Amino acid sequence: MADKVRVAVLISGRGSNMVALEEWNRRGERSYEIVLIGSNDPEARGLMAAKIFNIPIWAESHKGMERETFDRLLDAQLKAHEVEVIALAGYMRLLSPWFIGEWRGRILNIHPSLLPDYKGLDTHRRAILAGELFAGCSVHMVTEELDGGPVIAQAKVRIRERETPEMLAERVLKEEHKLYPEALDIFCRTLRDQLQPTISSSEKK
Ligand code: GAR
């Protein structure tokens, strides 16, 4: 596909969703290409995988920096790489309102719960303790409200009897790895179609 949407994936840890996004992209004709992997932790485990993929990496510690100061550094990198869409994949740092405003409508996140339920951390333990029948994951737009932006895709799993949070997390993670690439692909395809200028019949001649 011509004109793939240029995506940056931001990670803070293991990076398994980032790997899933890139592997799925390599298996077929997709609407996005990952042009930058960013991290707020130069020691993040996922960066090893990023090196193997040969995708440019920007990793800088946020420690000791004001939130917006760090986000402005990140923003400069994203713009230098002509990024159009940002996919948060286990990026465990809150983004500043300034950054969210700058990238409004262009930031996606994957969250391990059926939003709007269980925003924040420790989602699987809380779902089990509450006696929920289902757990799952959501891909949503990022807004100023933590885990509160519009949901664009969800996958559901039934919670099993005597299932531990760790067991549930493992099963949901497998769903995340399927859901996120497809949701990102559809999102980028839609964005690209919206940005394509409409060619009228007289112009085509
Ligand atoms: C994933 O389960 C993701 O849904 C979650 O962190 C994990 C990252 O794993 N994200 C959040 O909790 C964000 N609120 P990964 O680094 O292997 O992709």
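Within segment 9-29, the set of residues being crowded, with 20+ Cβ neighbours inside 10 Å and away from the ligand (no atom under 15 Å from the Cβ) comprises just one member, 25. Quick check on segment 123-141: of everything there that is among the hydrophobic types (A, V, I, L, M, F, W, C) and buried (at least 23 other Cβ atoms within 10 Å of the Cβ), which residue is farthest from the ligand (Cβ to nearest atom)? Among them, the one singled out is 127. Would you point out the residue of segment 79-112, among those that are touching a Phe, Trp or Tyr at 6+ places or on another chain (Cβ under 8 Å) and aliphatic (A, V, I, L, M), that is farthest from residue 173 (Cα to Cα)? Once the filter is applied, the top-ranked residue is 85. Within segment 67-76, can one find any residue that is at pLDDT 95 or above, in contact with a Lys or Arg (Cβ under 6 Å, 6 or more places away or on another chain) and not in a strand (DSSP E or B)? Within segment 67-76, none of the residues are at pLDDT 95 or above, in contact with a Lys or Arg (Cβ under 6 Å, 6 or more places away or on another chain) and not in a strand (DSSP E or B).
Here residue 101 meets each of (1) assigned to a strand (DSSP E or B); (2) among the small types (Gly, Ala, Ser); (3) away from the ligand (no atom under 14 Å from the Cβ) with one exception, condition (1). Across segment 142-192, the qualifying residues are those that are closer than 14 Å to residue 87 by Cβ and more than 16 Å from the ligand (Cβ to nearest atom), and the one among them that is surrounded by the fewest Cβ atoms within 10 Å (Cβ to Cβ) is 186.
The values are calculated or read from the model by the stated rules, or taken from the named source; none is laboratory data. Please read these numbers as outputs of a predicted model, since none were measured by experiment. Note that we place each Cβ from the backbone using ideal geometry, even for glycine, and neighbour counts take in every protein chain shown.
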